[in-house]
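Here the structure comes first, spelled out in structure tokens, and everything after it is commentary.
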Amino acid sequence: RLVVPMAVVFGPGAVPADLPRPLPFRDVQEMEISVNVRTNVTSRYEMLYRSATGQEQAALAAATAPEADAALHLLQDATLGSLTMYVVPETSSLLPQGISVYVGKHRSALVRAGGSLAALQARLREVTQVMSFTASSISAALSDRVPDGQLSPDARRSLKSSLGYEITFSLLNPDPKSHMVDWDIEGAVNRYVKPVLDKLSLVANFSVDSQILYYAVLGVTPRYDKESSSFLLSAHSLPHVINPVEARLGSSAASLYPVLNFLLYVPERSHSPLYIQDKDGAPVSTNAFHSPRWGGIMVYNVEAPASPQASLPLHVDVDMARVMEVFLAQLRLLFGLSREEVPPEILLELPGNEGLADWELDHLLWAHTVENIATVSTTLTSLAQLLDKIGNIVIKDDVASEVYQAVASVQSAVTQLSLGHLHAAFQASKEAVTSSERAFFDPSLLHLLYFPDDQKFAIYIPLFLPMAVPILLSLAKIVRETRQRKKEPTKMD
């Protein structure tokens, strides 16, 4: 059960006439999300309807919605997973014309009253699912349990939940004789990537590194187009680009965590300019593409020199702002933070320099918490089934302790979710994942997993059979001699 604490705050002149009882009062709305026959998730919105305070009324009197959102942020509850909806009159000029809902950078939204309580609740239901979780986001988190064919391809695009991620930025220069490429990757990471990772540090640990690879080609020969005097990479050839490049990266060989690869490719002079086409044959505006759960590649074309006699290599300064804009968009896609299609009357404020809004962070935490609980359940079930098959296995106390700890942590996570404490639930689910994996991969269990009884017989019989043959023959001879002695008559003097 996923419980979302919500406050519905009515500004002056925005209270519907058909309220069932005087303010303040509480209400609850529930919705079932069916994943499969055995897995159901209940979403429960616990709403407190109240009037705006004097400070909130002053903030709602701002000239624009972003100004009101910034002022209200200082007054509202900043608890992870909680939402605050400020209801303004239908005639309010705070929201632009044609916009009924404004979702800010934090955990609040401005909503037009809509006349009746039923119309208001319909709007609230729509915006709360945008800001917390939807049936599709929960199904994507439980993708391993969703029956085949019932999950969209986009739902499998985002990364699986992990305790850490490694991000590698690579500059591919296949033609260093023609191009001397200079990129300020350290400054770009500090300016554009670090604010995003600082906010995501609540979700997982991140490490960032960079490298420059020379003479690294894409492995696919682009097609020359006479009309545009350029080279083209078609959409169907893009999957064949990654494997040859990945062999040169070497970043995932010794990594404990998933690696996200972001590649900037400067085409060789003989294949410049190089453009990427989509499935319809139109050029891709960003000249980049991404691979689900792997990373992204951007092609950075270099302008040809004005005179053919220009000395080589040409010095190239990479525009890191343009590059990082693409890579950050791909990073959001990989974490499942792509903004879903919303009705035109809902306006979503761009997150700005931070890279993601507070409610988007909550969106990620809801999905990862549910996924962690499902992962622990699967891991412990697999471990129990495995140990049942090995009758003579000895389970050490520390392994049993990890199993008990995992069960206690996952029960705590479920309890915290039902109380609406998202941060505590997520931390408990991370502890449960750690404990369950320690138990499953404990070295004392691993060597026994590969030696079941039938394999023991297969190994030891060839060793003991040659020794057993003479021993058995000797025993048979002793038995025969003993029987013959019993049959011979005893001589009496």
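The values are calculated or read from the model by the stated rules, or taken from the named source; none is laboratory data. These numbers come from a predicted model, not from an experiment. Cβ: placed from backbone, ideal geometry, glycine included. Neighbour counts: every protein chain shown. Calculation scope for accessible area: heavy atoms of the full protein, side chains included, ligands and nucleic acids excluded. Shrake-Rupley method; radii C 1.70, N 1.55, O 1.52, S 1.80 Å.
For the chain, what is the percent of antiparallel DSSP beta bridges, rounded to the nearest 5?
Working: 21 of 72 bridges.
Counting DSSP beta bridges with both partners in the chain, the antiparallel share is about 30 percent.
HN-Hα J couplings of region 212-229 from phi, Karplus 6.51/-1.76/1.60, θ = phi - 60°, integer Hz, Gly and Pro as x?
Whole-Hz 3J(HN,Hα) from phi for region 212-229: 10, 10, 9, 6, 9, 9, 6, x, 10, 7, x, 8, 8, 10, 5, 4, 9, 6.
Applying 1/(1 + (r/R0)^6) with R0 = 22 Å to the Cβ-Cβ distance of Lys194 and Trp294, what FRET efficiency is obtained, to the nearest 0.05? Numbers along the way, then the final one.
Working: r = 22 Å, r/R0 = 1.02.
Calculated value: 0.45.
Give me a comma-separated list of calculated 3J(HN,Hα) values for region 167-184, in order, Karplus coefficients 6.51, -1.76, 1.60 applied at θ = phi - 60°, integers in Hz, x for any Gly or Pro.
10, 10, 9, 10, 9, 9, 10, x, 9, x, 5, 9, 10, 10, 8, 10, 10, 8
In whole percent, and with a 1.4 Å probe on the protein chains, what portion of the accessible area of the chain is carbon and sulfur? Could you put the intermediate results ahead of the total?
Values: 14590 of 26260 Å².
Carbon and sulfur atoms account for 56 percent of the accessible area of the chain.
Treating the beta-carbon of each Lys and Arg as +1 and of each Asp and Glu as -1, no other charges, what is the dipole magnitude of the chain about its Cα centre, to the nearest 20 debye?
Values: 40 positive and 52 negative charges, 449 e Å.
I would put it at about 2160 debye.
Once the Cα atoms of helix 239-249 and of the chain are each reduced to a long axis, what angle between those two axes, in degrees from 0 to 90 to the nearest 10, is obtained?
70
Nearest 10 degrees, 0 to 90: what angle lies between the long axis of helix 320-334 and the longest principal axis of the chain (Cα atoms)?
Helix 320-334 sits roughly 60 degrees off the main axis of the chain.
Under a 1.4 Å probe, what is the accessible area of the chain per residue, stated in Å²? Each step should come with its number before you reach the end.
Working: 26260 Å² over 493 residues.
Value returned for the chain: 53 Å² of accessible area per residue.
Any chance you could run the full-extension gain for Glu67 through Ser444? It's 0.36 nm times the residue separation minus the Cα-Cα distance, nm to one decimal. Kindly include the intermediate steps, with their values, before the conclusion.
Values: separation 377, 0.36 × 377 = 135.72 nm, distance 5.98 nm.
Stretched fully, the Glu67-Ser444 segment lengthens by 129.7 nm.
For a Förster distance of 22 Å, can you work out the FRET efficiency between the beta-carbons of Asp280 and Glu341, rounded to the nearest 0.05?
Numbers: r = 20 Å, r/R0 = 0.90.
Plugging the Cβ-Cβ distance into 1/(1 + (r/R0)^6) gives 0.65.
Identify, among Val103, Ala135, Tyr49, the residue whose Cα sits farthest towards the positive end of the charge dipole of region 2-140, taking +1 on the Cβ of Lys and Arg and -1 on the Cβ of Asp and Glu, with the dipole about the Cα centre.
Ala135
From the phi of every residue in region 357-364, what ³J(HN,Hα) in whole Hz does the Karplus formula 6.51 cos²θ - 1.76 cosθ + 1.60 yield, where θ is phi - 60° and glycine or proline is x?
For region 357-364, the Karplus-derived couplings read 7, 4, 5, 5, 4, 4, 3, 5 Hz, x marking Gly and Pro.
Rounded to the nearest 500, what is the 222 nm mean residue ellipticity of the chain from helices alone, with -39500 (n - 2.57) per DSSP H run of 4+ residues and division by all residues? Walk me through the numbers before you get to the answer.
Details: 13 runs with 191 residues, N = 493.
-12500 deg cm²/dmol, from helical runs alone.
For the chain, take the longest principal axis of its alpha carbons; what is the angle in degrees between that and the long axis of helix 422-440, to the nearest 10 within 0 to 90?
In the chain, helix 422-440 runs at an angle near 20 degrees to the longest axis.
Whose amide H sits under 5 Å from the amide H of Phe10, counting only residues 5 or more places off or on another chain, with H placed in the peptide plane?
The list, which skips near neighbours in sequence, is Arg50, Ser51, Ala52, Val87.
Measuring from a point 7 Å past the Cα of Lys177 along Cα-to-C-beta, which residues in region 258-273 have an amide N at less than 17 Å?
Flagged as within label range: 267-272.
Output the relative contact order of the chain, whole-number percent, from Cα pairs under 8 angstrom with separation of 6+ residues. Kindly include the intermediate steps, with their values, before the conclusion.
Numbers: 735 pairs, mean separation 77.8, N = 493.
About 16 percent, as a whole number.
When the solvent-accessible surface of protein heavy atoms is calculated with a 1.4 angstrom probe, in what order do Ser34, Ser170, Ser474 fall, highest first?
Highest to lowest solvent-accessible surface, that is Ser34, Ser474, Ser170.
If you take the beta carbon distance between Lys396 and Thr79 as r and set R0 to 41 Å, what does 1/(1 + (r/R0)^6) give as a FRET efficiency, to the nearest 0.05?
Values: r = 40 Å, r/R0 = 0.99.
That pair, Lys396 with Thr79, gives E of 0.50.
Of the peptides 13-19, 394-400, how do they stack up when ordered by the mean number of other Cβ atoms within 10 Å, highest first?
Numbers: 13-19: 13.7, 394-400: 12.0.
Output ranking for 13-19, 394-400: 13-19, 394-400.
I want to make sure I understand the PRE zone here: with the label point 7 angstrom from the Cα of Glu227 toward its beta carbon, which residues in region 263-292 have backbone N atoms less than 13 Å away?
Only 281-283 pass the distance filter.
For a quick check of your reading of the filter: which GluC sites (Glu not before Pro) in region 270-377 sit in a DSSP loop and have no more than 10 other Cβ atoms within 10 Å?
Working: sites: Glu303, Glu325, Glu340, Glu341, Glu345, Glu349, Glu354, Glu360, Glu371; in loops: Glu303, Glu340, Glu341, Glu345, Glu349.
When the GluC sites (Glu not before Pro) of region 270-377 are filtered for loop state and at most 10 Cβ neighbours within 10 Å, Glu303, Glu341 remain.
Which one of Ser285, Ile390, Tyr275 has its Cα pushed farthest toward the positive end of the charge dipole of the chain, where Lys and Arg give +1 and Asp and Glu give -1 at the Cβ?
Checking the options against the dipole of the chain, the answer is Ile390.
Which residues among region 352-389 fall inside the zone where the amide N is under 16 Å from a point 7 Å beyond the Cα of Gln411, along Cα→Cβ?
Within reach of a label on Gln411: 377, 380-381.
Collect residues whose amide H, placed 1.01 Å from N in the peptide plane, falls under 5 Å from the amide H of Gly295; neighbours closer than 5 in sequence don't count.
Asn261
May I ask you to rank Arg248, Arg38, Arg483, Arg112 by accessible area, largest first, using a 1.4 Å probe over the protein chains only? Intermediate values should be presented prior to the final figure.
On the way: Arg248 110, Arg38 225, Arg483 160, Arg112 25 Å².
Largest accessible area first, the residues go Arg38, Arg483, Arg248, Arg112.
Only four residue types carry charge here, +1 at the Cβ of Lys and Arg and -1 at the Cβ of Asp and Glu. Report the dipole size of region 295-379 about the Cα centre in Debye, rounded to the nearest 20.
Working: 3 positive and 13 negative charges, 79 e Å.
In total the dipole reaches around 380 debye.
Name the long-range amide H neighbours of Thr79: under 5 Å, sequence gap of 5 or more, or other chain; modelled H, no Pro or chain starts.
none
Using 0.36 nm per residue, how much length does the chain from Gln121 to Glu325 gain when fully extended, once their Cα-Cα distance is taken away?
Working: separation 204, 0.36 × 204 = 73.44 nm, distance 3.69 nm.
Roughly 69.7 nm would be gained on extension.
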